[in-house]
Structures are given as C-alpha cells and as structure tokens.
Amino acid sequence: WAKEHGKSSVSVYDTARQAASLEVMALQNELQRAIDGGELVLHFQPTIDLASRTVTGFEALVRWQHPERGLVGPAEFIPMAERSGLVVPLGSWVLREACRAAVTMGEGDDAPSMGVNVSSQQLVRPGFVEEVARVLRESGLRSQRLVLEVTESVLLDDFEAAERALNGLRAIGVSIAIDDFGTGYSSLSYLSQLPVDILKVDKSFIDRVCAEDHSASVTLAILEMSRSLRLQTVAEGVETLEQAAWLEERACGRGQGFLWSRPVPLADARALLLRPLEDPADVGPEDDAADD
Ligand code: C2E
Ligand code: MG
Ligand code: MG
Ligand code: MG
C-alpha cells in the first residue's frame, strides 16, 4: 500500500509541476510577444533637487500594457524575465526607448538626466558597453545625460565582469547609480574602487527616517559616505513633507517619490518640466494601492 500510495503522490506532484512549468512557459511566450509587439510602455518619475525643488532628471520604469490584464507593474514580470533571460531583449528595448524619450525632453546643458535600470545579466554580457554607445549615437542623446542604475547584488554576482563594464561605461561618459542602496552588501572599499556617481538610498530607510533611530542612522551614514566619496545622493520613495524636510536639513541632494510625482507617461513628464512643481501634499497611505 505504501508503495502504491507513494507512487501516486509522486505522479500527482509531477502533474502539478508540469502544469506550473507550462504556465511559466506560456508567460515567457507572452512576454516575448509583448517585447516584439509593442505592449511594453515606459513611465517616467522625476528626481528633485531638494534645495531648489526643481526637476533634475527622470527614471524610466517599464510597464506591460497587457491586452487582458491591463497595466502590469514590473514587480510582476521582471523576476520571470531575469530567470528566463528575456530581461536582456527587454532591457535593450527600455534603453533605446528611454534615450529617445530623453531627447524629446530638451537638449541644453540643463536638460534632465535619464535613469535606466539595468539588470546584472545585461551589464555583464559581452558587448553591453558597445550597445549603450550605439544607442546613444543613434538617439542623439549626450552620454552625460544617461544614468544607468544597478543594484548592489550586481557587484556580488560577478564583480570583475561588472567592474569591467562599469569602467567601460565611465569611459564613454555615462553615469552609474547604485539603486536600493543600503539593502545589499557593499563595502566602502568596493565603492571607492568602482566608477560610481550616485547612491540611491532605498525606500525602506526613507519610509521610517523620521520615526525610527535605525533608519535615521543608516541614512545618515550613507549621506556621510556619499560626501566623503564625492557621490550624489538620491532618497528613494519620499512620500511626506516631513521626510523631505529631514533630508534637506541633512544636505541630501536629491529626492524621488510620490510626494512630487508618481511615474507618469512621457507627455506628463515633459509637462513637469514646463511649470514649477506644485506645493506637494503628503501622499496618504490609502493612495498607495493605485500606482500611476
Ligand atoms: P526601482 O528602480 O528601485 O524603482 C523605484 C520603484 O519605487 C518604482 O516602482 C517606483 O514607482 C516606486 N516608487 C517611487 N517613489 C515611490 C513612493 O514614494 N512610494 C512608493 N510606494 N513607491 C515609490 P516600479 O515602477 O513598480 O518598479 C519596481 C522595480 O522594478 C524597480 O525598482 C526596478 O528594480 C524594476 N524595474 C522597473 N523598470 C525596469 C526596467 O526597465 N528594467 C529592469 N531590469 N528593472 C526594472
Ligand atoms: Mg531604479
Ligand atoms: Mg530603487
Ligand atoms: Mg527599489
């Protein structure tokens, strides 16, 4: 009986696993179609200079305009795209579109920067620096306006390949930001070795910066470190005027968050450049569910 029973539960398990992998394959096919067929869209979220309260740049954030499911956020498909390798063609599309969009936002010395998230697979792939150089050339965007955002984990995956790519990007004039900073493992010595320009303090610290000593200490330590390494700092996920004031008092250069703007379509992003930022009102927690 035990044998029978064991056998049948194995086959039930196998069936469940087959169904799950079929589902994953179907989703991969769908995403591949989305990349080829124009179902991906970019929204843009501004970064703000805290002292002057002006827009200094934007970050491009990908969404999937799904025919049945509506606008799907990156948290729901980037992890799968990374596991399947689809994040490489997806990332190429994002890079090209973001550079084209940036060109429509102005050209002068004070034209806004454009941040693009880059996953570790893209960064360490041979030919990535050449791809970035080609996209810049074809779009006509000055390399100084492009900021590539990588997370600390990129540096753990394959430090030497990442370092080589970052040096190549620095050589063509592109800036590098470390995204979600403080959540991973980056030592001061790593950071001083790498051509990094910007640290983006993770939202989890900013959330509690006014309410909890631990988050305040971590944020202060990051600000200190930025100053000694001559890096810029961007506070991510600023939602309240109290947080903005706290950061400004401690000379954090920039902020990004729903307090000023959610990620918005290109036309709305361009409109943010034409008029002074409205006096923001705190974003209540009840607003959180409805992303852009
Ligand atoms: P990220 O690069 O750290 O982007 C910031 C995320 O925080 C965005 O979520 C943004 O909408 C959200 N955010 C900004 N300010 C606030 C705020 O005040 N409150 C709250 N609650 N959220 C805020 P989004 O667009 O859902 O993106 C999530 C993550 O997906 C990104 O985190 C990034 O890691 C990834 N991602 C987005 N676009 C791309 C892409 O083109 N390529 C890759 N590889 N990853 C991407
Ligand atoms: Mg980012
Ligand atoms: Mg981030
Ligand atoms: Mg994040």
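Only bridges with both residues in segment 23-161 count here: give the DSSP antiparallel percent, nearest 5.
For segment 23-161, the DSSP antiparallel bridge percentage is about 60.
Using each residue's phi in segment 31-46, evaluate 6.51 cos²θ - 1.76 cosθ + 1.60 at θ = phi - 60° and report the 3J(HN,Hα) Karplus result to the nearest Hz, with x for Gly and Pro.
Listing the rounded values in order: 5, 4, 4, 5, 5, 6, x, x, 8, 8, 9, 10, 10, 10, 10, x Hz.
Of S143, F181, P195, whose Cα points farthest to the positive end of the dipole of segment 138-203 (charges on the beta-carbon: +1 Lys, Arg; -1 Asp, Glu; origin at the Cα centre)?
Working it through, the farthest residue towards the positive pole turns out to be S143.
Which order do the peptides 66-79, 97-110, 15-28, 114-127 take when ranked by the mean count of other beta-carbon atoms within 10 Å per residue, highest first?
So the order, starting with the most tightly packed, is 114-127, 97-110, 66-79, 15-28.
Could you give log10 I(q)/I(0) at q = 0.08, 0.13, 0.15 Å⁻¹ for the chain, computed by the Debye formula over C-alpha point scatterers of equal weight, without solvent?
-0.38, -0.94, -1.23
Spelling out what I want: for every residue of segment 220-234, take phi, set θ = phi - 60°, compute 6.51 cos²θ - 1.76 cosθ + 1.60 (Karplus), and round to whole Hz; glycine and proline get x.
4, 5, 5, 5, 4, 5, 4, 5, 6, 8, 6, 9, 7, 10, 10
If you place +1 on the Cβ of every Lys and Arg and -1 on the Cβ of every Asp and Glu, how big does the dipole about the Cα centre of the chain come out, in debye to the nearest 20?
In debye, rounded to 20, the chain gives about 960.
What's the magnitude of the charge dipole for segment 60-203 around its Cα centre, counting Lys and Arg as +1 and Asp and Glu as -1 at the beta-carbon? Answer in Debye, nearest 20.
320
What is the Cα centroid distance between segment 216-280 and segment 135-156, reported in whole angstrom?
20
Rank-order 236-242, 43-49 by packing density, defined as the average count of other C-beta atoms within 10 Å over each peptide's residues, highest first.
43-49, 236-242
Using helices alone, what [θ] at 222 nm do you get for the chain, with -39,500 (n - 2.57) per DSSP H run of 4 or more residues, divided over all residues and rounded to the nearest 500?
-15000 deg cm²/dmol
Just so you know, all these numbers are worked out from the coordinates, no wet-lab data involved. Predicted model only: the values in this text are computed from it and were never measured. Cβ: placed from backbone, ideal geometry, glycine included. Neighbour counts: every protein chain shown.
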